[in-house]
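Have a look at the structure below before the remarks.
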Amino acid sequence: MEVESSSHTKHANGGGRRHNSGGSDSKESSVERELNGEIQAVVLNGSGSNGLGLIKKPLPVGDDGRIKRKAKRLIQRQHSGSNGTVATLTNGSGPGSAGASGAAGSGGAAAAAGATGIIPQPGGYVVPHRRWKNSRRSRNLTRGRGLPKKGGAGGKGVWGLPGSEALAELYEDENDPNYDSECNDRNVELREVITETTPEEFFKLAEPIVLEYYEHGDTHEVALSFDEILQSPLREQITSILVEIAMDHKDSQREMTSVLISDLYGRVITGKDIEKGFNILLSNLPDLILDTPEAPIMLGNFMARAIADDCIPPKFVAKPEETLQLSEYAEQALRRADSLLHKQGWAHLDNVWGMGGPLRPVKTITKQMTLLLKEYISSRDVAEAHRCLRALEVPHYHHELVYEAIVMTLESLSQTTEEAMCELLKSLDLTCLVLPAGMEQGFIRAFDDMADIVLDVPLAYIILDRFVERCNRAGFLTDKIINNVPSRGRKRFVSEGDGGHVKPAMFPMRD
């Protein structure tokens with residue numbers, strides 16, 4: 001083997017090479033002198049016939065005992081011969097390199113060549129390869145494929161394997177400030193624990209479901225919602241929660257609550273659950289009456305309606321449980337339910353909460369408004385009329401009341417009815433029970449139907465003009481209503497026998 005020494009500039013440019021075979025030149029490198037037999041290399045981590053192991057930097061030899069020139073980076077080259085490919089390590093080219101590669105073949109050289117692919121010199125010296133020092137390839141040359149150790153995750157100052165940050169650490173230092181002994185206890189046994197919902201927590205979960213039901217009225221949706229949050233011990237709480245929430249609302253919501261209890265029976269709750277729920281309400285009446293003074297009467301209505309819907313037996317009211325300590329309010333509720341059940345038939349219990357609510361048919365609401373106006377004309381009680389109108393709970397349909405009032409005035413042919421209706425409409429406008437938009441819509445509807453009304457009431461146009469003028473003096477009509485008042489446009493001709501004279505607008509009035 002022949003080793004050459006050159007500067008970095010000359011080695012990079014590939015020129016200016018110099019070959020030295022003697023050891024007298026003081027500028028010769030230590031490697032060259034060692035190859036010429038002047039220096040004995042120091043072998044570490046093993047020696048002998050194979051000559052393998054990690055080598056140490058050659059000892060300096062010279063006049064002053066220092067190395068004059070450092071060995072440069074060596075080049076690994078491969079060339080093929082007649083028997084196959086042989087790897088050599090040289091820093092030069094020429095006959096010496098070829099001769100050295102051809103002369104290697106003894107036991108140690110064969111072992112080194114078999115392990116590293118590099119043929120050492122007969123003296124046992126292996127030329128070091130500088131880039132091997134920083135290589136992460138495994139030093140175990142007898143096994144493996146020479147891949148990086150630990151997949152590139154070994155050593156200091158490395159990031160580790162890709163994705164290793166998501167893996168749990170196998171070892172955790174107890175001196176670490178973030179070390180948690182409770183979380184890292186290996187003797188912990190994890191079990192699934194299902195917490196039981198308390199009645200107070202169940203009330204908070206059920207209240208939004210009931211309030212949403214008052215908006216859409218879909219009992220099937222309520223049943224599905226209860227199935228998601230319901231536990232077996234809490235089934236008896238459903239009836240008490242529904243009734244307690246309904247007590248704070250209007251009669252229409254109470255009617256919807258009775259329908260909901262009937263629909264949930266047999267699907268979500270049983271008859272025993274409904275009875276237990278009413279028993280809870282009977283025991284809580286002293287507290288419920290503080291917020292709702294009519295709670296005993298309402299509870300009696302709910303129990304009577306549940307019996308009429310075949311949810312609970314009639315003996316629940318007739319013979320209450322002896323173990324239940326009844327207060328005076330509970331006895332009042334039971335008497336109320338018993339009195340409703342002892343009337344002839346139970347059909348009237350379908351309307352125990354009245355006929356109000358937007359879910360009622362339009363014809364039913366119109367009939368209720370007509371009865372309201374007739375009762376008002378006979379009694380002239382404005383406050384009662386207001387109460388009945390609120391009980392209907394149809395503020396979006398108040399224009400129908402205005403329309404029916406105008407038609408009833410035109411058909412009555414009475415100034416007394418005109419005065420009563422004008423007074424009623426004025427009070428409804430002052431109390432804002434009927435909004436200006438509803439008042440306008442009612443009058444406009446009456447104006448549009450005058451062509452049909454006049455067929456039954458020939459004097460309808462004259463009465464309408466007089467009624468609109470009276471209402472205008474009362475001060476609750478808008479300019480839109482006054483400008484849209486219709487007038488009969490047909491004129492009488494001479495051929496009709498009046499001689500061309502316009503008849504005065506005088507006619508007998510019936511009071």
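Summary table
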read-out	value
Given LYS204/LYS315; LYS204/LYS363; LYS315/LYS343; LYS250/LYS480; LYS367/LYS480; LYS343/LYS367, the pairs whose alpha carbons are separated by over 27 Å	LYS204/LYS315; LYS204/LYS363; LYS250/LYS480; LYS367/LYS480
Residues GLU411 and LYS480, FRET efficiency given R0 of 30 Å [Cβ-Cβ distance, rounded to 0.05]	0.75
The range 264-363: translational diffusion in µm²/s, Stokes-Einstein, Kirkwood Rh over Cα pairs, 25 °C, 0.890 mPa s	171
Residues with amide H under 5 Å from that of GLU393, placed H, sequence gap 5 or more	GLY357
J(HN,Hα) series, the range 470-476, from Karplus relation 6.51 cos²θ - 1.76 cosθ + 1.60, nearest Hz, glycine and proline x	5, 5, 5, 5, 6, x, 10
Cβ charges +1 (Lys, Arg) and -1 (Asp, Glu), total dipole of the range 171-313, debye	1120
The range 397-463 - charge dipole about Cα centre, Lys and Arg +1 at Cβ, Asp and Glu -1, debye rounded to 20	160
Karplus-derived HN-Hα couplings along the range 275-282 (A = 6.51, B = -1.76, C = 1.60, θ = phi - 60°), whole Hz, x at Gly and Pro	5, 5, x, 5, 5, 4, 5, 5
Environment charge at ASP263 (Cβ cut-off 12 Å; Lys +1, Arg +1, Asp -1, Glu -1)	-2
The range 265-409, relative contact order [Cα under 8 Å, separation at least 6], %	21
Calculated FRET value between THR195 and GLU331, using beta carbons and R₀ = 35 Å, to 0.05	0.35
Solvent-accessible area per residue for the range 197-301 (1.4 angstrom probe, square angstrom)	46
Per-bin percent of Cα-Cα distances, the range 295-448 [5 Å]	1, 8, 15, 16, 13, 10, 8, 9, 9, 5, 3, 1, 1, 0
Sulfur and carbon atoms: percent of accessible area, the range 364-470 [1.4 Å]	54
Length added when fully stretched, ALA437-SER283, from 0.36 nm per residue minus Cα-Cα	50.7 nm
Under-5 Å amide H pairs with ILE269, H placed in peptide plane, nonlocal only	none
For the range 440-456, 3J(HN,Hα) per residue [Karplus equation, 6.51 cos²θ - 1.76 cosθ + 1.60, θ = phi - 60°, Hz, x = Gly/Pro]	5, 5, x, 5, 5, 4, 5, 5, 5, 9, 5, 4, 8, 5, 5, 5, 8
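The values are calculated or read from the model by the stated rules, or taken from the named source; none is laboratory data. Please read these numbers as outputs of a predicted model, since none were measured by experiment. Reconstructed Cβ throughout: ideal geometry from the backbone, glycine too, with neighbour counts over all protein chains shown. Side chains are part of the model used for accessible areas, which takes the heavy atoms of the whole protein and leaves out ligands, DNA and RNA. Shrake-Rupley method; radii C 1.70, N 1.55, O 1.52, S 1.80 Å.
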